[in-house]
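Nothing in this text is a laboratory measurement; each read-out follows from the coordinates by a stated rule. Here the structure is a predicted model, which is why all the values come from computation and not from measurement. Counting neighbours? That spans all protein chains shown, and the Cβs are built from the backbone with ideal geometry, glycine included.
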Amino acid sequence: QNPVLGVKNIAAFFGISLTEEELQGVVERSSFESMKKNSQKTHGAFGSVLFRKGGVSDWKNLFSEEQNKEMDKTFQEYLRGTKLGTKLKYEVYCKA
């Protein structure tokens, strides 16, 4: 949600100090647009599958209703109520 803060937190965790220029470079190169643009180079033919649109909840157009139900069931079984499940914001972004 906040790429600059995210990069700063990761750098701090690893004990890396970044100049403002380096910080901006990492933020720019790790944006969805940049990763999509370079996906063929970094991920080969599979890149076009990984970096398609960048829209939230577009997966609903790819899964069948049965697959959506199975995913919800599996999430409920393994992740609901966990810290990871909360961080994923499943109820907001993922629930069919």
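Brief remarks on what is shown
- Computed from the alpha carbon atoms alone, the convex hull of the chain holds 134 Å³ per residue.
- Look at where the Cα atoms of the range 66-92 and of the range 4-48 average out, and the two centres are 27 Å apart.
- Residue-wise HN-Hα couplings along the range 29-37, as the Karplus relation 6.51 cos²θ - 1.76 cosθ + 1.60 with θ = phi - 60° gives them from phi, are 6, 9, 6, 4, 4, 5, 5, 5, 4 Hz; Gly and Pro carry x.
- Neighbour count of at most 15 Cβ within 10 Å plus DSSP loop: longest trypsin sites (Lys or Arg not before Pro)-free window in the chain: 1-51
- Simple point charges give the picture: +1 on the Cβ of Lys and Arg, -1 on the Cβ of Asp and Glu, and for the chain a dipole about the Cα centre of about 120 debye.
- Rounded to the nearest whole Hz, the Karplus-based 3J(HN,Hα) values (6.51 cos²θ - 1.76 cosθ + 1.60, θ = phi - 60°) of the range 39-51 follow the sequence 4, 5, 6, 8, 10, x, 4, 6, x, 5, 7, 5, 10, with x at glycine and proline.
- Counting only lysines at least 8 places from residue 89 when in the same chain, those with an alpha carbon closer than 19 Å to its own are 60, 69, 73.
- Over the chain, relative contact order from alpha-carbon pairs under 8 Å, at least 6 apart, %: 17
- A dipole drawn for the chain from +1 and -1 charges on Cβ atoms has a positive end, and of 27, 45, 7 the residue lying farthest that way is 45.
- Checking every one of the chymotrypsin sites (Phe, Trp or Tyr not before Pro) in the range 6-96 against DSSP loop status and a limit of 15 other Cβ atoms within 10 Å picks out 14, 63.
- Mean residue ellipticity, 222 nm, helices only, the chain: the sum of -39500 (n - 2.57) across DSSP H runs of n ≥ 4, divided by residue count and rounded to 500, is -16000 deg cm²/dmol.
- Cβ charges +1 (Lys, Arg) and -1 (Asp, Glu), total dipole of the range 24-75, debye: 260
- Counting only lysines at least 8 places from residue 37 when in the same chain, those with an alpha carbon closer than 17 Å to its own are 53.
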